[in-house]
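Engineer: I'd like to ask you about the structure that follows.
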Amino acid sequence: MRHVSTTWAMTGMVVLASCASDAASPQLNDARQEVAAARADETARYNPSGLRLAEESLARAEQAHENDPGSYGERHYAYLAHRKAVQARAEADVLRHKRERDEAKSQYGVVLERRVHRVEQSKDELERDLSVTERELERTRGELSETDQDLAAARRARAKSEKERQEALQSLYDLADVREDGKRVIVTFAGNVLFRSDESEILPSAHESLEKLADALEGYDGEEEIVIEGHTDARGPEAYNLTLSRRRAEAVKTFLVARGVLEDKVRAVGRGEADPIAPNDTAEGRANNRRVAITLPSEVYMSMRRR
Amino acid sequence: MHAVKIAWVALAVFAACGGSSLSKTAPEYVQARSAVRGAEEIFAEQEPKAKYHLDLARTQIAEAEALMKDGEGNEARRVLERARADAEAAVSLARAEWMRREAQQELDMLDKLLEEQRG
């Protein structure tokens, strides 16, 4: 039993009705159309060899048609020509799309590279800025460190000064009469400790005591005054005693100021015989009345209390 | 009507000349089967145009096998030649579609990158 390919039916064969004429078979028409399309598009550019194979098949189909229109041979070669043209066009599309793909990839790479380059440039600038900032930070840290050191040194010096001040104050207890009166301290030197009789020049033997006092008061810059009061006993004229007491107070002030006590913080006052602390009718009483009393500010008093 | 009968006879004569043996080791058969496998391996079934030709190729191979069984070797050869042409067309059509998609993907990525840059 012989078979006739049913695929001919699928491709719409109508030659049996028209084989008497020279009309081309549907397969031949299809092949001609497909090959013409392949010639018109980019198949010739991208796949010339494929197009040539299709044209060769078509030529055989045309020859078969010429020899015997509608023949099996015509339809067979036309079928092949059609498929070869389809294949040729498809292969051309492969090459064309491949080229498009490769061009897009390449351009993507270029754009990306430019972007990376810009990012790297920005990064370099940021790194340079960061480097400058770090140097400045380092310099500032150095300055801060120096300031810290200076501050520490100043604190140590202050602490030392405070300690020395306190020691000086403490030693006054051995050298003079020191009384606490509320928030003040009154240091009282006996008149004969500081001066000869009727004189207002400070005895050399009193220098050490007054220097300790000067150490305790050196640099004092508070609001309260240091008050130096000179007193006498009641012997002799009152005016004379007033003047003597004033001169003695001034002498102590001059001594202290010369040793670093701020002048505008010290006030020297002469009281004369006005403020006795003992009876003037005994030698002992008179001796006690002859004195210089120095009232120290509460701040100095507080520093003494911290001892 | 007369012409139609003549055509059928001519066809039959032509077909009759196709009588000869052809085995499954014959190059035409092997090549046709190989072309169909090639199309299957690249998933030509997933692309409509490629699938159309692949289905034709398979059908024609089946027809050729029947012809070979009947001793119609020559006709079988011609059918196998057409089957191979269809299978090879299927392969090329599938490749074209896959490459088109790849190209489109790359173009889309490029467009997106350029848009990000503009933004």
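FYI, it's all coordinate maths here, none of it is from the lab. Everything numeric in this text was worked out from a predicted model, so none of it was measured. Every residue, glycine as well, gets a Cβ built from its backbone with ideal geometry; the counts of neighbours run over all protein chains shown.
Engineer: Please list, in chain and number order, the residues 5+ apart from A:ALA268 or on another chain whose amide H is under 5 Å from its amide H, with Hs placed from the backbone.
Structural biologist: The answer is A:ILE228.
Engineer: Take A:THR243 and B:SER23, extend 7 Å from each Cα along the Cα→Cβ direction, and tell me the distance between the two endpoints in nm.
Structural biologist: Simple spin-label model gives 16.3 nm for this pair.
Engineer: Which residues in the range A:214-229 place their backbone N less than 19 Å from a point set 7 Å from the Cα of A:LEU175 along the Cα-to-Cβ direction?
Structural biologist: Under cut-off, by backbone N: A:214-220, A:226-229.
Engineer: May I pose another question? Per residue of B:80-87, how many C-beta atoms from partner chains lie within 10 Å of its own C-beta, taken as a mean?
Structural biologist: 5
Engineer: In nm, to one decimal, how far is the modelled label at A:ALA278 from the one at B:GLN46, with both set 7 Å along Cα→Cβ?
Structural biologist: For the pair A:ALA278/B:GLN46, the computed spacing is 12.5 nm.
Engineer: Turning to a different aspect of this structure: Hey, what did chain A get for relative contact order, percent, Cα under 8 Å, at least 6 apart?
Structural biologist: 14
Engineer: Per DSSP H run of n ≥ 4, the term is -39500 (n - 2.57); total these for chain A, divide by its residue number, and report the mean residue ellipticity at 222 nm rounded to 500 deg cm²/dmol.
Structural biologist: Mean residue ellipticity, 222 nm, calculated: -22500 deg cm²/dmol.
Engineer: Now a separate question. Indicate the gyration tensor shape class of the range A:230-307 (rounded, prolate or oblate), computed on the Cα atoms with a ≥ b ≥ c the square roots of the eigenvalues: a/c under 1.5 is rounded; otherwise a/b larger than b/c is prolate and the rest oblate.
Structural biologist: In terms of gyration-tensor shape, oblate.
Engineer: GNM on chain A, C-alpha springs below 10 Å: top fluctuator among A:GLY222, A:GLY70, A:GLY285?
Structural biologist: In this elastic network of chain A, the residue with the biggest mean-square fluctuation among A:GLY222, A:GLY70, A:GLY285 is A:GLY70.
Engineer: So what is the relative contact order of the range A:27-98, in percent, for Cα pairs below 8 Å that sit 6 or more residues apart?
Structural biologist: 45
Engineer: In addition: How about the range A:149-241: which trypsin sites (Lys or Arg not before Pro) there lie in a loop by DSSP and see at most 16 other Cβ atoms within 10 Å?
Structural biologist: A:LYS183, A:ARG196, A:ARG235
Engineer: Per-residue mean of other chain beta-carbon atoms within 10 angstrom of the beta-carbon, peptide A:73-83?
Structural biologist: Rounded to a whole number, the mean comes out at 4.
Engineer: How much FRET efficiency would the formula 1/(1 + (r/R0)^6) give for B:GLN117 and A:LEU126, where r is the Cβ-Cβ distance and R0 is 22 Å, rounded to 0.05?
Structural biologist: My answer for the efficiency is 0.60.
Engineer: Let me ask something else. Taking neighbour counts of Cβ atoms within 10 Å as a proxy for exposure, in what order, fewest first, do A:THR254, A:THR295, A:THR133, B:THR59 appear?
Structural biologist: With the sparsest Cβ surroundings first, the list reads A:THR133, A:THR254, B:THR59, A:THR295.
Engineer: If neighbour count is taken as other Cβ atoms inside 10 Å, put B:PHE43, A:PHE255, A:PHE189 in order from fewest to most.
Structural biologist: B:PHE43, A:PHE255, A:PHE189
Engineer: What does the average come to when, for each residue of peptide B:45-54, you count the partner chain Cβ atoms lying within 10 Å of its Cβ?
Structural biologist: 1
Engineer: Round to a whole angstrom and tell me the spacing of the C-alpha centers of the range B:56-107 and the range A:231-307.
Structural biologist: Cα centroid to Cα centroid, the span is 134 Å.
Engineer: So for the range A:157-307, averaging the separation of alpha carbon pairs under 8 Å that are six or more residues apart and normalising by length, what relative contact order in percent results?
Structural biologist: Across the range A:157-307, relative contact order equals 31 percent.
Engineer: In what order do A:TYR79, A:TYR240, A:TYR46 fall by count of nearby beta-carbon atoms within 10 Å, going from fewest to most?
Structural biologist: A:TYR240, A:TYR46, A:TYR79
Engineer: Anyone know which of A:SER171, A:SER209, A:SER57 comes out most mobile in the 10 Å Cα GNM of chain A?
Structural biologist: A:SER57
Engineer: Right, something else. Which value in nm describes the separation of the simple spin-label points at A:ALA190 and A:ALA258, placed 7 Å from the Cα toward the beta carbon?
Structural biologist: Output for this residue pair reads 2.5 nm.
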